[in-house]
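Remarks on the structure that follows.
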Amino acid sequence: MCLQHSRPRLSPDEQLAAEKSFALYCKPVELYNIIHRRAVKNPPFIQRSLLYKIHARRTKRIQITISLSGSKNTQARNIFPLYVLLARPTNSISLEEHSPIYRFSRACLLTSFSEFGNKDKTEATLIIPDVKNLSTSHARSLNIIFISCGEVGQIIGEDNCSGNDVEASSLQKLEGKCFWGKIPINSLAPSLENCVTLSVGETENLGSTVIMNPSFLEPKFLEHDNCLTFCSHKVDATGSYQLQVCISAEEAGARDMALSPYNNFSYNNVPPSLLPEIIRLRAGNVLFNYKYYNNTMQKTEVTEDFSCPFCLIPCGSFKGLGCHLNSSHDLFRFEFWVSEDCQAVNVSLKADALKTERVAEGVDPRHQTFSSRFKKRRRLEATAEKIRHVHSHIVESVSLEDAQAGSEDDDVQRENGLSVAHASVDPSQSVQGTNLSPPTVLQFGKSRKLSVERSDPRNRQLLQKRQFFHSHRAQPMPLEQVFSDHDSEDEVDDDIADFEDRRMLDDFVDVTKDEKLIMHMWNSFVRKQRVLADGHIPWACEAFSRSHGQQLVQNPALLWGWRFFMIKLWNHSLLDARALNTCNTILEGYQDARSEPKQK
């Protein structure tokens, strides 16, 4: 990396502030490094199956165009129709006095020389592997086969041709005498490998001589996997002739490369000795400008082969690099631009991704209380069928005070004298002439006592006959303290809290069942374990992973929901990378323990 200052001088305080601004890149990069290390062992997808990588590989393949020049083939007679096939020999079947059995993948038809006729009938276009793979044994076994029927053959009708492509089934009509020859791809490989300008979209012109030998084409193998063979003992061995073939080669994506300003760079002034090195240095190079300190300063990094600077994955093309960065590194903001001199990406941090919690000066944020609120959807209308857990109240044409007194008597009594209120009604929201009042959400497990005004006189007399003791101090409690609204013991009924939590989560319509379950499990856990401050979150996540690890690994959707929730905590600076890694290690231990019995 090289540091680039937009201002010539900085004061010591400004330098310190700039270093702190650039240090904000550390946390996201550390997270992506952890994700990348885990993906090496358990990749979420196969890299080669990505569409932009498939497209990049296809554009690197070599497209060769074959044509015949009339001026170079003056001695040859009755050449056309000439069929050009891309085939490779197969050793599955061997016959005496026969050529190897070739299995072809594409067939083209030429009907005239390049100086005459339609272009579709004078050129044959074939696709062969890219230059890097031409040296492999699989690519070297390819051959370009030429079949000339001359006067003894017949031209296949237009119904069996698409441009200059020929259907495989129509080649069964070629049975009989013919002339044939071949050009091994192995013979073209050295010339193509030495051509350094192919990678920048230029065309390389080659010439080759093909010896056309008389033979007898046996199409009986055409019915099986597009195979054919030539028999030499059925025809006279004399009458061979040479065919001069013109071959032009270019990369399959040369036309797309010409659309980019970066590929329009002129190499005319570059010395030939330095041309291969300059092309190699420019191919796939991308500049990454990391903006910081309010976008007034930047540091620059250069990667090769369109590689990602965070996970070092080669993306094949500049477009593929953009797809990878936007989908896999969304904590950053990227700006892509291309010029004739360079391909660059401006990188900056998203303000909302690393937003920290504001606290008072001198207060440790790790010991602040953490709370999470769920935004409940507002219902447009409430009907009697939708309200299941709220008792209805009949309001007659009476005064407002009577309606208020009647609405507050709807409580459920327990045998020991303590009661739990299911719902309370705001008298200001009661509508005359209706029998439903809007329900209010209960506080979790806190609605365990009734005030003196809301208690039934009969129940009050029963409570006065009993003696109550404080659960913590074990001291007798006066009746004023028993009937008081203040909860001196601060107790929470876990069963009621779990019930109310589930009922609240059931109101969400855009959340899946597994997401509701993981929310409920976490809410119940933090309530029972008294997770109150931000500093409690790391150990709470580790304890939750150990407590519910077996249940999580049995349900993949539940496991991913928990991991997404931990990432959200990390985004809010409530969970550090070390604790996140520890939690995932604990979960992987449960997964390994679960898979060991199956392997045995």
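Nothing in this text is a laboratory measurement; each read-out follows from the coordinates by a stated rule. Every value quoted in this text rests on a predicted model; they were computed, and no experiment measured them. So basically every Cβ, Gly included, is an ideal-geometry build from the backbone, and we count neighbours across all protein chains shown.
For the peptides 183-189, 122-128, the ranking by mean Cβ contacts within 10 Å, running from highest to lowest, is 122-128, 183-189.
Taking the Cβ of residue 287 as the centre, find all other residues whose Cβ is under 15 Å away and add up their charges (Lys, Arg: +1; Asp, Glu: -1).
Working: positive: 282, 291, 299; negative: 301, 304, 305, 335, 340, 341.
Overall, the nearby charge balance is -3.
Under the 0.36 nm per residue contour assumption, what length would be gained going from the current alpha-carbon distance of residue 266 and residue 473 to full extension?
Here the answer is 65.6 nm.
Distance between the pseudo-spin-label points of residue 333 and residue 141 (7 Å out from Cα toward the beta carbon): 5.5 nm. Calculated on the alpha-carbon coordinates, the convex hull of the stretch 457-574 measures out at 172 cubic angstrom per residue. Where Rh is the Kirkwood radius over the Cα pairs of the stretch 289-331, the temperature 4 °C and the viscosity 1.567 mPa s, what D in µm²/s does Stokes-Einstein return? So the translational diffusion coefficient is about 115 µm²/s. Distances between placed amide hydrogens fall under 5 Å for residue 533 paired with 370, all partners being 5 or more residues away or on another chain.
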